[in-house]
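Let me begin by presenting the structure, written as structure tokens, before commenting on it.
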Amino acid sequence: MRKAFRWLLALTVLIGTLSTAGAATAAEPEASTTDIKERLLSIPGMSLVEEKPYTGYRFFVLNYTQPVDHRRPSEGTFQQRITVLHKDVSRPTVFFTSGYNVSTSPRRSEPTQIVNGNQVSLEYRFFTPSRPAPADWSKLDIWQAASDQHRVFKALKAVYGKKWISTGGSKGGMTATYYERFYPRDMDGVVAYVAPNDVVNKEDSAYDRFFARVGTKECRDRLNAVQREALVRRESLEKKYAAHAEENNLTFTTIGSLDKAYEATVLDYVWGFWQYSLLSDCDQIPGDAKNATDDEIWNTVDTIAGFSAYADQGLTTYTPYYYQAGTQLGAPTIQFPHIEKKHIRYGYQPPRNFVPRDIPMTFQPQAMRDVDTWVRHNARHMLFVNGENDPWSAEPFRVGKGAKDSYVFTAPGLNHGANVAGLKPEQKALATARILDWAGVASDAVQADPQAAKPLAKFDAKLDKRDVRREMTLRP
């Protein structure tokens, strides 16, 4: 964390950034001969953390001065971390957000590979180190975050003048969608992966229907039996949990008790399997839960759900997410018909239980309704990719009659890692063709026949590695 500058300095930097951005655009032909690092660091408010080498690219980790409150920019600033994977200013740019921390290692999202472009990645506000100090949590909302993106785009558009596409997976897909809702003129296209859309927070029956039919009955029965058995053996397994907590210095102040943390982890088990695993992985689940050893039950739950997830040490990093889930995004609640009520003491606990009590929270039900309505009627150049076996895709975004050149596709058999490459062949080609077109790099052949569309850059096993988050199950 970094302390906010004085209000006068904040106002000077913000005004300077906006005025200079326009000047840089006008002077772009001359500036194009300047080294890319110099061009980036000439942006007011931009500073270099480090540059890391990567073949075929230049990769920069940067800090950018942002207002804590975009409605009142004179009231303080903070340093927001961004990264730039630079290919060439003549290529399109992909604006990537995870919705969480940003990786400081070179990574390339699927759209970046498809268009063979540059990539700007943004750390979500209030995830450390991109957190104001002191932290006014009321300034953590989807509009403020979208405004962060808007200012970064305005600053970098002077350098990267070609087409821009925003993207992200999971909470990053939600983030890209919210950005489009509030600033629909910034991006030339949006690719949102596995983005949950919890329009009515109290209505979650779609998740129950999902778990009643996902995969096969044999796999569902295995998972349900292990989950139930872990609660039946609560007393003996909680002793193991207490020893594990002592050995690893885990505490449970925020959630309230080890017992609450234990049940929360166990109730995440089935969800976690489908979020991160494939149907083919079901043979790794104990087939006879009643006769399994305590260690076998413990190990499978720990592997999939993680017993450190609801300890203070596991929750702290994700406080900003749980705050947003409890104030705007919503959170799922599901039923457990395969478990007798006597074994469940708390049920799916609300986000309020995962955020320190000294941080006030009030839910705003209109936030997601507004976004959903806007997407249905105003989506333009938007692609939503979901996974057939991903619980978070049970409540997806949809596009209506008012939408233009926008699509919702589902990757068969895939989980929370669903992508364009996993779509059915015709949908894969169409999605790739639309991304290329939105980015302004579709060839004549692709424009004539979308089925000819292919990624413009070769797959790079290291660069194109997806950072799948497994630290906690009930987090998109």
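The values are calculated or read from the model by the stated rules, or taken from the named source; none is laboratory data. In this text the structure is predicted, and so the values were computed from the model without any measurement. Note: ideal-geometry Cβ built from the backbone for every residue, glycine included; neighbour counts use all protein chains shown. Please note that ligands, DNA and RNA were not included when accessible areas were found on the heavy atoms of the full protein model with its side chains. Shrake-Rupley method; radii C 1.70, N 1.55, O 1.52, S 1.80 Å.
Helix 217-232 and the long axis of the chain differ in direction by around 70°, with both axes built from C-alpha atoms.
Ranked from largest to smallest solvent-accessible area, with a 1.4 Å probe on the protein heavy atoms, Lys462, Lys202, Lys428 come out as Lys202, Lys462, Lys428. With the whole protein complex present, Ile339 retains an accessible surface near 10 Å², based on a 1.4 Å probe. The fraction of accessible area contributed by carbon and sulfur in the range 49-114 is 45 percent, rounded to a whole number (1.4 Å probe; ligands and nucleic acids excluded).
Excluding Pro351 itself, calculate the net charge of residues whose Cβ lies under 12 Å from the Cβ of Pro351, where each Lys or Arg counts +1 and each Asp or Glu counts -1. Around Pro351, the surrounding residues sum to +1. Taking the centroid of alpha carbons for each part, the range 223-254 and the range 267-307 are 14 Å apart. Kirkwood hydrodynamic radius of the range 127-202, from the reciprocal of the average inverse Cα-Cα distance over all distinct pairs: 13.7 Å.
Computed from Cα atoms, the angle from the helix 258-267 axis to the main principal axis of the chain rounds to 80 degrees. Computed over every Cα-Cα pair of the chain and binned at 20 Å starting from 0, the pair-distance distribution P(r) comes out as 23, 54, 21, 1 percent.
What the phi angles of the range 133-149 give under the Karplus curve with 6.51, -1.76 and 1.60, with θ = phi - 60°, is a coupling list of 9, x, 8, 9, 5, 5, 8, 9, 8, 5, 6, 4, 5, 5, 6, 4, 4 Hz, glycine and proline written as x.
The share of alpha-carbon pairs in the range 258-394 lying farther apart than 25 Å comes to 40%.
Here Lys239 is the anchor, and the lysines within straight C-alpha reach of less than 18 Å, apart from those fewer than 8 places off in the same chain, are Lys260. All Cα-Cα separations within the range 300-370 were binned at 10 Å from zero, giving a P(r) of 17, 40, 33, 10, each value a whole percent of the pairs.
Relative to the dominant Cα principal axis of the chain, helix 7-26 is inclined by about 60°. Of Lys202/Lys404; Lys37/Lys87; Lys428/Lys458; Lys171/Lys428; Lys171/Lys462; Lys87/Lys157, which ones are farther than 20 Å apart at the Cα? Table pairs above 20 Å Cα-Cα are Lys202/Lys404; Lys171/Lys428; Lys171/Lys462.
Sequence-ordered 3J(HN,Hα) estimates for the range 75-80 from the Karplus curve with 6.51, -1.76 and 1.60 and θ = phi - 60° stand at 9, x, 10, 8, 9, 9 Hz, glycine and proline given as x.
Test of understanding: express the Cα radius of gyration of the range 108-169 as a ratio to 2.2 N^0.38 Å, with N the residue count.
1.30
The ellipsoid equivalent to the alpha-carbon distribution of the range 176-249 has semi-axes of 39, 22, 12 angstrom, derived from the gyration tensor eigenvalues as √(5λ) and listed largest first. Quick check on the range 308-452: take the gyration tensor over C-alpha atoms, sort the square-rooted eigenvalues as a ≥ b ≥ c, and tell me if it's rounded (a/c under 1.5), prolate or oblate. Here the range 308-452 falls in the prolate category.
Per-residue SASA remark: Asp208, around 50 Å² accessible (1.4 Å probe; ligands, DNA and RNA not included).
Surface exposure of the chain, expressed per residue as accessible area with a 1.4 Å probe, stands at 43 Å².
If you take the Cα centroid of the range 311-377 and the Cα centroid of the range 145-206, the two points sit 21 Å apart.
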